[in-house]
Amino acid sequence: MDQELILTHLYPKTMNTYGDQGNVLVFKKRAEWRGFKIKILTADLDEPIKKSDFYFFGGGQDQEQSLVSKDLIGLKTELLKAEAENFKPMLLICGGYQLLGEYYQTADNKKIVGAGILAIRTIAGPKRMIGDIVLNLNPVLGISEQINDKKITTVVGFENHSGKTYLDKNIKPLGQIVKGYGNNGEDKTEGACYKNIIGSYGHGSLLAKNPHLADYLIKKAFEVKTGEKIELENLDDSLEWQAHLSRLNYSNLK
Ligand code: GLN
């Protein structure tokens, strides 16, 4: 395979909490192991965003979210919106997820305007939602993995947010919460999916412990770029799956 995929890491310096950048490394390595060439671009404050095959946007704090919100308005929002509508895959975590939604209302009632690509709204709640999360993936995504005698349809992660996110009816959750708070601690949903965008509160780093999600995004990036279907070659990722399963066991969810 001699195909190049361009990955843009959005706001890597400004939005950089909880090792979310590890998702970029996982995407890159798993794609390279299949023979793809990966070119990584970055776009931070005052830097242009170039059209890419995959976008990653990690979490950050309220103050940084406010700076990014102002930077995103205009051409950058237009470009990302067009890319989203053209089915470009994106992985958005926590603060990045909130910022591609309509708005994030902070604890002091300030509205941080988002790009409005996802029909979601986030309102800061009185307590931080922190801890391990486990969710059952939304079947619409068609993601599952056979590991030994187990069919895995779970995603494991770690959440740390005070924002409570509510999805409009046309936005599907990434999954149903089995453990943790998820979007808002109320409706048992976690994350969102829209076209080929995945948003989640799962930090550190989500793709490392969820190789099925990483491969889903690599596949989408290739398929949208070329218009061709692809089956990715299997990798020896038994260690990654041990990490996934240990989080399930730790959560008493065998
Ligand atoms: N500031 C946001 C919240 O607490 C996002 C935090 C994050 O990205 N970890 O909801």
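The table below gives the values:
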item: Lone qualifier among T165, T189 - being open to solvent by 10 Å² or more (accessible area, probe 1.4 Å), modelled with pLDDT of 95 or more and of a type outside the set (D, E, K, R); result: T189
item: Listing of strands (runs of 3 or more DSSP E) fully contained in segment 51-160 that carry 2 or more residues being β-branched (V, I, T); result: 111-113, 120-137
item: Some residue of segment 42-57 being open to solvent by less than 40 Å² (accessible area, probe 1.4 Å) and within 13 Å of the ligand (Cβ to nearest atom); result: yes
item: Checklist (1) surrounded by fewer than 18 Cβ atoms within 10 Å (Cβ to Cβ); (2) within 16 Å of the ligand (Cβ to nearest atom) applied to A82, failing item; result: (2)
item: Identity of the residue in segment 105-128, closer than 18 Å to P173 by Cα and near the ligand (Cβ under 10 Å from one of its atoms), that ends up surrounded by the fewest Cβ atoms within 10 Å (Cβ to Cβ); result: I123
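A quick yes/no check of all residues on (1) touching a strand residue (DSSP E or B) at 6+ places or on another chain (Cβ under 6 Å); (2) open to solvent by 10 Å² or more (accessible area, probe 1.4 Å); (3) within 26 Å of S205 (Cβ to Cβ):
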| site | (1), (2), (3) |
| --- | --- |
| G59 | yes, no, yes |
| L67 | no, yes, yes |
| K70 | no, yes, no |
| E78 | no, yes, no |
| K88 | no, yes, yes |
| L92 | yes, no, yes |
| G95 | no, no, yes |
| L100 | yes, no, yes |
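The values are calculated or read from the model by the stated rules, or taken from the named source; none is laboratory data. All of these numbers come straight from a predicted model, not from anything done at the bench. All Cβ positions, glycine included, derive from the backbone under ideal geometry; neighbour counts span all protein chains shown. Side chains included, ligands, DNA and RNA excluded: accessible areas come from the protein's heavy atoms. Shrake-Rupley method; radii C 1.70, N 1.55, O 1.52, S 1.80 Å.
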